[in-house]
1. If the limit is 19 Å between Cα atoms, which of K387/K514; K245/K319; K525/K741 go over it?
2. Taking K and R as +1 and D and E as -1, what net charge do the other residues with C-beta under 12 Å from the C-beta of I320 add up to?
3. Taking 0.36 nm per residue of sequence separation and subtracting the Cα-Cα distance, how much length would be gained by fully extending the chain between T517 and R73, in nm to one decimal?
4. Please list M182, M55, M438 in order of solvent-accessible area, largest first, computed with a 1.4 Å probe with all protein chains present.
5. E278 accessible area, nearest 10 Å², 1.4 Å probe?
6. Please calculate the 1.4 Å probe accessible area of K559, with all protein chains present, and give it to the nearest 10 Å².
7. Please give the FRET efficiency for Y197 paired with Q32, using the beta carbon to beta carbon distance and R0 = 56 Å, rounded to the nearest 0.05.
8. Could you calculate the FRET efficiency of S643 with S391 from 1/(1 + (r/R0)^6), where r is the beta carbon distance between them and R0 is 30 Å, rounded to 0.05?
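The values are calculated or read from the model by the stated rules, or taken from the named source; none is laboratory data. Since this is a predicted model, take the numbers as computed values, not measurements. Positions of Cβ are backbone-derived with ideal geometry, glycine not excepted, and every protein chain shown enters the neighbour counts. Areas reflect the complete protein model, heavy atoms only, side chains present, ligands, DNA and RNA absent. Shrake-Rupley method; radii C 1.70, N 1.55, O 1.52, S 1.80 Å.
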Amino acid sequence: MDSSIRRTLWAAFAALTTLVAIGLALTVIVLQISKRQEYRIVHGSEPLLDAVQDMDADIVGMMGATRGFLLTRQTQFLQQYDDAIRDFEKKSATAVRLATSPRDAQLVSQLRRHFADMRALNDRASAMARDGQAENANESMLEAARIRRSSPDYAGTLSDEHRRMQAVQLDQLTGMRQGLTMLMVIVSIVIVVIAAYVAWRIERTLYESIKRQIQRTEAMIGSMSDGVMLVDADGKTLFINSAGKEMLGRSEIGVPIHSQPEAYRLRDDQGRLIKPNELPAAVTLATGRRINDMTMTIAREDKQIAIAMSATPMREGRKISGVVVTFRDVTERRRLQEELQLQAERAQILADAGAFFSSNIDPTWVHQAIAERTAEVLGDWAALILKAPDSNELRVASIYHRDMASLGLAWSYIYRQPLTVGDGIIGQVVSTGYPALMANVVTTGISAQENVTSYHAPTMQFASLLILPLRTRREMLGALVIAANDPERRMTDDKLPLAEQLAERAALAVENAKLFTEQVEARRKVEDLSRLKDEFLSIASHELRTPVTSIKGYTQLAKTLVRENDLATSEEYLEIALDQIDRMSRLILELLDVSRIETGRLEIRHEPIQWMSFVREVVQRHHTAVSDRRFHLNVPESTAAVSGDRDRLEQVLGNLLENAVKYSPEGSEILVSVELRDSQVVTSVSDRGIGIPSDELAQVFERFHRGRQVSSTNYGGLGLGLYITRQIVERHGGSIWVESKEGSGTTFHFSLPVTPVITPTDNQPQQTVTHA
């Protein structure tokens, strides 16, 4: 704004302010004076009038009290009489003080004399009544009543005179107010004249200034990089600057607002033509509000331009005279914002997924959480496929469909695929470690009848199918399958980075759950080993202490008997001591075998062994050593041979025979049978002993395991024989298992591979070796 305009405006403002302040001050002063005068006129005489009226009322009360005493002779009327006199005196003093004018003082004085006359007559009547002169008292009261009736109305006279005086004073006050009104009219006329002069001067100054401002504005708008459009009050385009013409691709003006979307090719974010009433200019014209940064696109022939359009109303007083519309190219900014928003959404999704996956480390929960979260974020359903340890087999760890009614379709598709590393699309991804993305997939290999009748195997169409490998630094874990049936949720190239990062989070969660499981299992094994160690130390100390004690005792007895020349008994005791030494040797050998097994130093020498003859020989030796058991052999006549260590295999069969003898009653039968099954020779040892409880069958081949019945009876041993037996059999390429029923005996089976050079020559006749 020019300095001259600023000075003129401030001078006019100061003059008007001064005049208005003077007028207001005069008005306030006059009004205050008028208010005080009016109050004094209207309310100034009220106390005096009230006092005079009270005095007149006290005279009436005094006469009434005297009359009551004459009629009833009650003393209470005398009290009322005295009260009326005292009240009159009080009001009389007030009236004398308030009667400032001579006329008021005269009327008050006359009323006081009238009171004195009336009091004298009433005192005389009261005295006559007390003296018994009732007639004279009545005459005195009649005289007082006559005087009261003939006396003037002092209160009314005083009130009338004051009303006349108030009327005169109010007329004077009204005249003063009219004079003040005329003065304010004159002041207002002066202010209007001064304001008109100032307005004329300002108008001339502003006209010149506006001309200069228009020239500056036109130059500034023409050089702006933003588009500027002026719209009049009717909505027609009046002006478009060069930047606006360049963005719009055209320069038409005079276009009405209902035709502007089509003329300037304005579209919304979905590509639809903008409605005329939704344009910023239309909204501003209708509401008078400023519209900021409404985004839309300009559909030009060569490209799509995103713009942010704002509208500011131009006002003339309270009327909107037009709208200034500004718009700028925000195509690049929108692209960056969309990219940043996409990155932020991906980061949030990955952060939520990582936190969700790590919120629990139970493998089953983690597997299901991965499928659920993946299906919710990408595609319609997801499946987690994991590779079995030490195998090429794949297994479905979890699967989830956003529509639970379609979960069976997802299961049917997965289980129709080859779940082996290297086979099928899933196996290829796990084998190569490269992801696979397919679009518009239709399942094949299904008959028309099966497609119609089977719920679990209908034809399934995918808008997209993505299979991602799950791998860590240590190993390949499996694959993550993400499928979309709905085209709106299909996998696109821009979603691939999110899917790959989600697969990395999933692989990390699976590995963490696996490591946790391994840690828990390792801890359990350590605890079991600690428990077994404690049990072993207890059992070993007992088992080794027992033969040592027996050896020492029987040796001392034999020594004593030798001195006494009782050689027969001493020899018997020495035999018992030797048996205990053999027992302790077997225990020590078992411990040595376990040590060799654990350290991998158990040597197996392979040589061909004719198995049938070998079994007969071993059984025959045990038959000879044990005289109270009946051994039955069911061994075929065959030259089938196995390749193995003769001593170790004899140890296997011997352990089974010793257990059969140990845990079966005296005189019972022990059956040893051999069968040829394909390329395996299966050997079985059965007894009719105490049997094994069903809940302990899975533990009989573990180290240091001793069953409840063994621990509760006098059966010796460290619980290592069956563990050593299993290790020897497995190192020969065979397997061992047990069948038992508590109280009905036990059967141990072990199989060994047959060498292919020897074939069977005869049927399988049963041989029975019996020792009674």
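1. Going by Cα-Cα distance, K245/K319; K525/K741 fall outside the 19 Å limit.
2. That works out to +2.
3. Result for the pair: 147.6 nm of gain on full extension.
4. Largest accessible area first, the residues go M182, M438, M55.
5. 80 Å²
6. Roughly 120 Å² of K559 is accessible to a 1.4 Å probe.
7. 0.95
8. 0.65
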